[in-house]
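Accompanying notes for the structure given below.
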Amino acid sequence: MHLPLFRSHGLFLPFIKRFSDIKICRIKRRSQGCMSSCTVIRHRWMKSISPVRHFSSNGSEKESFDMSEFPVERIRNFSIIAHIDHGKSTLADRLLEITGAIAKTASNKQVLDKLQVERERGITVKAQTASLFYQHDGQTYLLNLIDTPGHVDFSYEVSRSISACQGVLLIVDANQIDLKNADPERVEKQIEKVFDIPREECIRISAKLGTNVDQVLQEVVNRIPPPTAGVDDLFKALVFDSTFDHYRGVVASIAVFGGRVSKGDKIVSAHLGKSYEVNELGVLRPDQHPTETLYAGQVGYVIAGMKEVKEAQIGDTFYLHKQPVGALPGFKPAKAMVFAGMYPMDQSEYTNLRSAVEKLMLNDSSVTVQRDSSLALGAGWRLGFLGLLHMEVFNQRLEQEYNASVIITSPTVPYKAVLASAKLIKEHGEEVITIINPAHFPDRSQVVKYLEPMVLGTIIAPDDFTGKIMSLCQTRRAVQKNMFYIDDHRVMMKYTFPLNEIVVDFYDQLKSMSSGYASFDYEDAGYEDAELIKMDFLLNGRPVEELAIIIHKEKAYSAGKAICERLKDSIPRQMFEIAVQAAIGSKIIARETIKAYRKNVLAKCYGGDITRKMKLLKKQAEGKKKMRRIGNIDVPKDAFINVLKRT
Amino acid sequence: MSRRALLKQHQALLCLGTAVGSVPLRSIATHRLPPRADEASLYVHWPYCLKRCSYCNFNKYIPRSQNHAVMTECLQKETQTLLQLSQVSRISSVFFGGGTPSLAQPSTIAAVLETVSKNAHLSDDAEVTLEVNPTPAGKASLKDFMLAGVNRFSIGIQSLNDDHLRILRRDHNSQHALQTVSEARTLCPGRVSVDVMFALPGQSVKSWESELEKLLPVCDDHVSLYQLTLERGTQLYKQVESGELSVPGDDVTAVMYKSARRDLENAGFCQYEVSNFAKNNAVSEHNIGYWRGHQYIGVGPGAHGRFVPRAVGGAQREARTQTLEPDVWIREVQHHGHGTRRRIQLDHRGLLEEVLVMGLRMNEGITQQHWELFSPEADLKLIFGMSENFQELQVGGLLILDDRGLRCSWEGLALLDSILPTMLLELEMFFQSKGYQEDAQHLRNTDIQRDR
């Protein structure tokens, strides 16, 4: 639902410049354009709330700011939507500065992006909220900016954030209006063509320089409707995000859809039926700023003694004890699209890594975890991610925030098989089984057919590269759906791809063959029949379990050859010859040979210094213990890592 | 004359692998001490060189000035201290290594040998080797070294190719090398060894073979053959890393090693160790001592030793290292009588590990009697015989275990470094299966700092 909105931003990827700062800002009303299609679906419950804008001013709190001073008509909840790198976070920094939420200094860079990974990659991974106080026409408005991630992988986060908004800003990069290759006219034309948004409604801004940023805030007040929530209704709030604080437990981000909630109130989770006492609540500016009460239409945080993130399920509804309300519709849980094994570099790190993964999952409920173990890599997990960037970000957060060193195996996708016999169906409890691990791949004789996940991919590139891109897509088993010019020399191509074909290196190849100009985005496109086979890898005739892969028949030969070569390069020579083979069933389809060592002995122990030699040998002996023995072949962990890891 | 005959006699048949050497076997069943604790060989390290060779990362110093008198005094002092500490009654051989010990004054050598004689029995027959750099100066002093008591020369000719010698940054050329060998052979017939290196930058199998061909007619009865090892931190390492020079790959060096073994054997040399070849049984007794796990005392900066410090009540063999830097070492010797920097006690398993690793380097391997000396309670067959991994090596024709003992086959010797980790693991597993109390384990890896 929200995806079309997102995908469309891929249009402007060719303009990507890391520090691009000019944006065309488009403010949309809920009632028009694609934004409405998003909000309508996400906000069914909002419509049912009567548009009461009544406001009582009994606030007696001696807070630095009394939230009762902001009735719904002076509240605007909005998000900024932009493609990665288009400068959303820079605009957010300026908005924070203009409204005095943060001091205006040169060092304000990506203030809302708190994670190291966000700052390093210049991306937003975790949605953040900032309440801004804005003077407009002599009145103070409460503008709640809910920053969202810009990548399709994080659309789940985005959809949650949007559910708490009544409007969004759409940012499109026009390649720096202040530079000479800026081309705002063309970008406006593209926006008109793709989104059907009149070009007159766009605002040309430079977030870096602050040009026209104030106008953005004026338009937010003028063009985004206030929330439709009544302060005299029963308290009702949507949990749209949650984070975990080691000292205070779960911090839930809520949007108040009716009534009010105060410190000391007893609230109930509609999902679990458990009640909690509110220890602290407040607004995010963007740091936590405690207040006494939050009122209808407002957005803030609540800490209520929840020990586990599961207790603050995203999409859950909170209401006051003994004053139940109908639960707001929740969210569909995120669906993992890409799976990868994760193992500690050293097995002694397992416990530490487990606790790091658990902690990280508290803040990212979209990751799925299954315990797994590999004979070569030891105990670990099979993790499911929303996409490739999501996987990278998770891995990087583990390394940076928890100092954990991990091996991530090459990503795979969830295949399906339709079972052939009633007996098998009974055994598995279902007719269609999902296969994540090649070890569980059912034999052809047991299935009617295999299915593989598909995606609808959109590529936009200058037309110089069309030919190259089309042949690349062909090698990836892609089927072209359509292709059209979005301007004089820019082409948008849509293809259906098997997901498996794009999870490893497709994007890198696309980027390099188009000198970085091509953009790529994809969305789920269901499952399709596929000729899948399981390929084994043998060392001197013995299959190596952890190397087996599921692959499309067409790709078996080239993949088998490539993996055999990688194995050949990463298994050290031994005292005998080693045959490395790829096999489908009993048929060998590729072979490499690792020649035997012919000499491995070195000279002299100078002056009786045998200590050094002994140390080296003992180290080798220890290393040998850790190697995985297949037949009489010692395979070091590194060899597995080289073959299994993401390249 | 008579000494040479005697040496030859007790070294006879070594190539056939039946003799165990000159020293009668003794069981340690009646001793608490490790075998042969009352005898040792002596290694003396001379740490100075004139020039830095591009491949060498050994402990050596290019001095601006050198006080021979102080050095002599300290070497003597440390020799005396350590001999007394070990309480050995006999020194079986002496080896002056370096550095460039041929830069030492002959009087220094004489003084050290004299100290040895004063503190232990040093037989007239005992092998006394000096490493020599084949420079004109080295050649000129050979005679004086002989008079000082040296009776064997080990000449580091390294190569007979002048281009290679330049790359290695040696301070001699091939002409000097040939002249020095010739002089040494005249002075000390049958007791001259040459060190040669292969796998040099730019070397081909063919050029290596022709170099050997040139060498064989001029060398004496002993050849040491070393593959050039690129050591981190050396100039040569950097040159190879940067691509300025390239060294032959594994397959090429394998062929080089193989052809050298073949050519030397055809020329009447017998390979008695991985890198060492002798004809007329002119083996290096000193080096055989290392490989047979005998005690040795290391004197001089950075020298290593393996002996039981009996004078302080020690009952276990220790791995000892002397202080590396000559100036510091000198100060320590002057103040404490010795410059021992590190002492690590070798427990039973640690000792057997060294016996295994060193012993398998020899052509004769480890004889049953030799092993029994160190491990009277468990023979080779008991430890290795049943192991699957060992049997694999045996079936593969790399190792031989029979009534004579344990040894590498001809092919196996070339693969020793791949074989040893397996053997060490087997030894470890045997110890674990027997539940041996490794009571000294906590000491094994602990450095015992000398009290100052």
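The values are calculated or read from the model by the stated rules, or taken from the named source; none is laboratory data. Computed from a predicted model, the values in this text were never measured in an experiment. Every residue, glycine as well, gets a Cβ built from its backbone with ideal geometry; the counts of neighbours run over all protein chains shown. Ligands, DNA and RNA are stripped out before the accessible areas are found, and what is left, the full protein with its side chains, is counted by its heavy atoms. Shrake-Rupley method; radii C 1.70, N 1.55, O 1.52, S 1.80 Å.
Brief remarks on what is shown
- Residue in the stretch B:371-391 that is within 26 Å of the chain's Cα centre (by Cα), of a type outside the set (D, E, K, R) and within 13 Å of chain A (Cβ to nearest Cβ) present: no
- Residue among A:558, A:570 that alone is surrounded by fewer than 17 Cβ atoms within 10 Å (Cβ to Cβ), under 43 Å from the mean Cα position of the chain (by Cα), without any contact (Cβ under 8 Å) to a residue 40 or more places away in the chain and more than 9 Å from every other protein chain (Cβ to nearest Cβ): A:558
- Identity of the residue in the stretch A:341-388, of a type in the set (S, T, N, Q) and assigned to a helix (DSSP H, G or I), that ends up nearest to residue A:414 (Cα to Cα): A:363
- Qualifying residues in the stretch A:621-636 (those that are open to solvent by 20 Å² or more (accessible area, probe 1.4 Å) and in contact with a strand residue (DSSP E or B) (Cβ under 7 Å, 6 or more places away or on another chain)) - the one nearest to the other protein chains (Cβ to nearest Cβ): A:624
- Residues of the stretch B:184-210 satisfying the condition of being surrounded by fewer than 20 Cβ atoms within 10 Å (Cβ to Cβ), assigned to a helix (DSSP H, G or I) and more than 14 Å from every other protein chain (Cβ to nearest Cβ): B:185, B:186, B:187, B:206, B:207, B:209, B:210
- Comparison of B:337, B:293, B:314 shows that the only residue that is in contact with a Ser or Thr (Cβ under 6 Å, 6 or more places away or on another chain), open to solvent by less than 30 Å² (accessible area, probe 1.4 Å) and more than 27 Å from residue B:62 (Cβ to Cβ) is B:337.
- Checked against the criterion of being assigned by TED's automatic domain parsing to the domain that holds residue B:112, of a type in the set (Ser, Thr, Tyr) and open to solvent by less than 10 Å² (accessible area, probe 1.4 Å), the stretch B:51-72 has at least one qualifying residue.
- When residues of the stretch B:392-439 are limited to those that are among the aromatic types (Phe, Trp, Tyr) and over 21 Å from residue A:619 (Cβ atoms), the one nearest to the chain's Cα centre (by Cα): B:410
- Any strands (runs of 3 or more DSSP E) falling wholly within the stretch A:126-184 and containing at least 2 residues that are modelled with pLDDT of 70 or more and in contact with a His (Cβ under 7 Å, 6 or more places away or on another chain): A:167-173
- Among the residues of the stretch B:275-288, those that are open to solvent by 10 Å² or more (accessible area, probe 1.4 Å) and not hydrophobic (A, V, I, L, M, F, W, C) comprise B:279, B:280, B:281, B:285, B:287.
- So residue B:314, is it among the small types (Gly, Ala, Ser), closer than 19 Å to residue B:80 by Cβ and within 11 Å of chain A (Cβ to nearest Cβ): no
- Residues (among the charged types (D, E, K, R) and either within 24 Å of the chain's Cα centre (by Cα) or buried (at least 20 other Cβ atoms within 10 Å of the Cβ) (or both)) located in the stretch A:485-517: A:494, A:501, A:505, A:508, A:511
- Given (1) closer than 25 Å to residue A:197 by Cβ; (2) modelled with pLDDT of 70 or more; (3) in contact with a helix residue (DSSP H, G or I) (Cβ under 8 Å, 6 or more places away or on another chain), index of the condition residue A:87 fails: (3)
- One residue alone among B:139, B:118 is basic (Lys, Arg), open to solvent by 40 Å² or more (accessible area, probe 1.4 Å) and under 22 Å from residue B:61 (Cα atoms), and that residue is B:139.
- Wholly enclosed helices (runs of 4 or more DSSP H) of the stretch B:255-360 bearing at least 3 residues under 16 Å from residue B:40 (Cβ atoms): B:285-291, B:348-359
- Test for residue A:550: is it more than 30 Å from residue B:302 (Cβ to Cβ), within 37 Å of the chain's Cα centre (by Cα) and not in a strand (DSSP E or B): no
- Flag for residue A:618 being modelled with pLDDT of 85 or more, more than 20 Å from residue A:641 (Cα to Cα), within 7 Å of another protein chain (Cβ to nearest Cβ) and buried (at least 18 other Cβ atoms within 10 Å of the Cβ): yes
- Residue within the stretch B:423-440 that is within 30 Å of residue B:299 (Cβ to Cβ) and at pLDDT below 95 present: yes
- In this structure, residue B:348 qualifies as surrounded by fewer than 24 Cβ atoms within 10 Å (Cβ to Cβ), outside the structural domain of residue B:426 (by TED's automatic domain parsing) and over 30 Å from residue B:63 (Cα atoms).
- Any chance residue A:449 is over 23 Å from residue A:386 (Cβ atoms) and out of contact with any strand residue (DSSP E or B) (no Cβ under 7 Å at 6 or more places or on another chain): no
- Residue among A:300, A:282 that is surrounded by 15 or more Cβ atoms within 10 Å (Cβ to Cβ), in contact with a strand residue (DSSP E or B) (Cβ under 8 Å, 6 or more places away or on another chain), without any contact (Cβ under 8 Å) to a residue 24 or more places away in the chain and closer than 19 Å to residue A:77 by Cα: A:282
- Considering residues of the stretch B:198-244 that are among the acidic types (Asp, Glu) and in contact with a strand residue (DSSP E or B) (Cβ under 7 Å, 6 or more places away or on another chain) only, the residue nearest to residue B:174 (Cα to Cα): B:220
- Qualifying residue in the stretch B:361-382 (condition: in contact with a Ser or Thr (Cβ under 7 Å, 6 or more places away or on another chain) and either assigned by TED's automatic domain parsing to the domain that holds residue B:225 or open to solvent by less than 40 Å² (accessible area, probe 1.4 Å) (or both)): no
- Residue B:100 vs. criteria without any contact (Cβ under 8 Å) to a residue 24 or more places away in the chain and among the β-branched types (Val, Ile, Thr): no
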